Amino acid sequence: MLRILQALLLVSVAAFGAEPKPVPRMQAVPQPRDEVSFQRDGEEIARFHFAQDQRRPFVFPMIGPSGRSLTRMGHPRDPMTHSHHNSVWFSHQFVGGADFWSDHGGRISHLRVLRYEDADDVAFAETENAWLDKEGKPVLHDRRRISVKPLAGREWLLLLDLQLEARTADVPLGETPFGMLGVRMAKTIGVLDGGGTIRNSEGGVDEVACFRKPARWMDYSGPITPAAQEGIALFDHPQNPNHPVSFHCRGDGWMGAALTFSGALTVKKGEPLRLRYALYVHAGMPESAKIEEQWKAFAGTPWMNFPEKKN
């Protein structure tokens, strides 16, 4: 009887495959309404939204070690005129004459999902999008990868890779402090509303010393529970144009990497513009040396090249 059971087991393994594969620690799990839940050990730490009826794709929430979101949707005291502050988002004020920063100009429209990947050390989603002006005419196209990478102590990295493509003619990105990446922090982390702190890699503290100043990174930290402080450090990659970038920041709880504050750029036809950023989601208010260590690790990562599209 035992030999019969062993034989049946061998037949089952042969019929249905080898032993089960390990379940990846990090997963990008598609959700209804054009959303992706990024999960660590089955627990959501971020969600990517890309529905076509929205003005632009964005990431919300950004869950810190305490289990609360470190970002929010909109300005806490001026929600109408700052409705474009969508937690973590890519956009720009001057793109070939069209405004993609506010909610009254162009729209970044999702076209398709290129792929999802899960693994123990990273999970990501890649999508393609069209930047449409008010008349619905494409100005730019982009491919982007949104990745999550686990770190020790429930900290983690959000890696943001963007490739801008001009398909019919060169497209200028005008000089402005608004774009390419924005982060709207939770209300309690803001300097004015919660008593948080802004710091940059050059030793600047708060808006007066950090506003529109070039730096390798900027950190925004503050209270997120009655007993805990947490924050997000925004990293500019050294291969990005105009590095070190000028950071726009305010005491009301937002920061952004102002790609063209120091001068306009052009996305040339047939020559994609690649950009790479990271958000370091951390506990407490780390010493600047620890943030610098994380930035150096990010700066040393290989430049992300998107694979050629297949016809």
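The values are calculated or read from the model by the stated rules, or taken from the named source; none is laboratory data. As the structure is a prediction and not an experimental result, all values here were calculated from the model. Counting neighbours? That spans all protein chains shown, and the Cβs are built from the backbone with ideal geometry, glycine included.
A compact table of results
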{"item": "Contacts under 9 angstrom Cβ, first residue in segment 200-217 being assigned to a helix (DSSP H, G or I), partner surrounded by 15 or more Cβ atoms within 10 Å (Cβ to Cβ) and of a type in the set (F, W, Y), 6 or more apart", "result": "C210/F247"}
{"item": "Lone qualifier among H84, H49, H75, H92 - being touching a His at 6+ places or on another chain (Cβ under 6 Å), surrounded by 18 or more Cβ atoms within 10 Å (Cβ to Cβ) and either modelled with pLDDT under 95 or farther than 16 Å from G253 by Cα (or both)", "result": "H75"}
{"item": "Residues (touching a residue at least 24 places away in the same chain (Cβ under 8 Å) and not in a strand (DSSP E or B)) located in segment 23-38", "result": "P24, R25, D34"}
{"item": "Search result, residues across segment 179-199 that are without any contact (Cβ under 8 Å) to a residue 60 or more places away in the chain and polar (S, T, N, Q)", "result": "T188"}
{"item": "Residue pairs meeting the criteria (Cβ under 9 Å; at least 6 apart or on separate chains; first part of a loop (DSSP other than H, G, I, E, B), in segment 231-242; second among the hydroxyl-bearing types (S, T, Y) and surrounded by 23 or more Cβ atoms within 10 Å (Cβ to Cβ))", "result": "H237/Y277; N240/Y277; P241/T260; N242/T260"}
{"item": "Test: residue in segment 166-175 that is of a type in the set (D, E), out of contact with any helix residue (DSSP H, G or I) (no Cβ under 7 Å at 6 or more places or on another chain) and under 26 Å from F261 (Cα atoms)", "result": "yes"}
{"item": "Pick from segment 146-180, criterion part of a loop (DSSP other than H, G, I, E, B), touching a Phe, Trp or Tyr at 6+ places or on another chain (Cβ under 9 Å) and at pLDDT 95 or above, ranking: surrounded by the most Cβ atoms within 10 Å (Cβ to Cβ)", "result": "F178"}
